[in-house]
Amino acid sequence: MHSAPDMVFRTLADPTRRAIFERLVRDGEQTVRVLTGHSGVSQPAVSKHLAALKLAGLVRDRHEGRQTHYSAEPQGLTPLIDWMGLYGAFWRDRFDRLETLLKYVAGLERVAAGPE
């Protein structure tokens, strides 16, 4: 079984899918027809990309008559944000250690240089 971050990464790895998601984030709710006009791929391809985005929790759909309207689901990025947060803490700790080491080395250099 794949983890939630894996699903989001895999889904957004496709440039066309990522562009569709970005358009929905930027421009708000869109129909498949409108998205197809901006995507450079066929309507069936756009529909497949939207299905993948929906499965990953990145978009939601709303039916109105014969049309389906899609909008971004920003909460779908939560697994990705949580995953990145783990590494943020890791790097903060590493930079804190580096800063301590650099201060130590600077102190040693002052001692080695002797009195001025």
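Give me the one-decimal nm value for the distance between modelled label points at Arg92 and Arg66, 7 Å along each residue's Cα-to-Cβ direction.
If labels sit at Arg92 and Arg66, their model points lie 5.5 nm apart.
So what's the back-of-envelope 222 nm ellipticity for the chain, counting only DSSP H runs of four-plus at -39500 (n - 2.57) apiece and dividing by all residues, rounded to 500?
When only DSSP H runs of four or more count, the value is -22500 deg cm²/dmol.
What residues of the range 72-116 lie in the reach of a label at Asp6, counting those whose backbone N is under 15 Å from a point 7 Å from the Cα along Cα→Cβ?
Correct set: 80.
Would you kindly give the portion of the calculated P(r) for the chain that falls above 19 Å, as a percent of all Cα pairs?
58 percent
Select from the chain the helices, each a whole stretch of DSSP H, whose alpha-carbon atoms run 15 Å or more along the helix axis and whose Kyte-Doolittle mean is at least 0.0; answer none if there are none.
Sorted by number, the helices that extend far enough and score high enough are 43-55, 78-113.
Name the residue from Met7, Trp83, Val41 whose Cα lies farthest towards the positive end of the charge dipole of the chain, charges +1 on Cβ of Lys and Arg and -1 on Cβ of Asp and Glu.
Farthest towards the positive pole: Val41.
Which value, in debye to the nearest 20, describes the size of the charge dipole of the chain about its Cα centre when Lys and Arg Cβ atoms bear +1, Asp and Glu Cβ atoms bear -1, and nothing else is charged?
460 debye
Bear in mind these aren't lab numbers, they're just calculated from the coordinates by the rules spelled out. Treat the numbers as computed from the prediction; the structure is a model and nothing was measured. We place every Cβ from the backbone using ideal geometry, glycine too, and count neighbours over all the protein chains shown.
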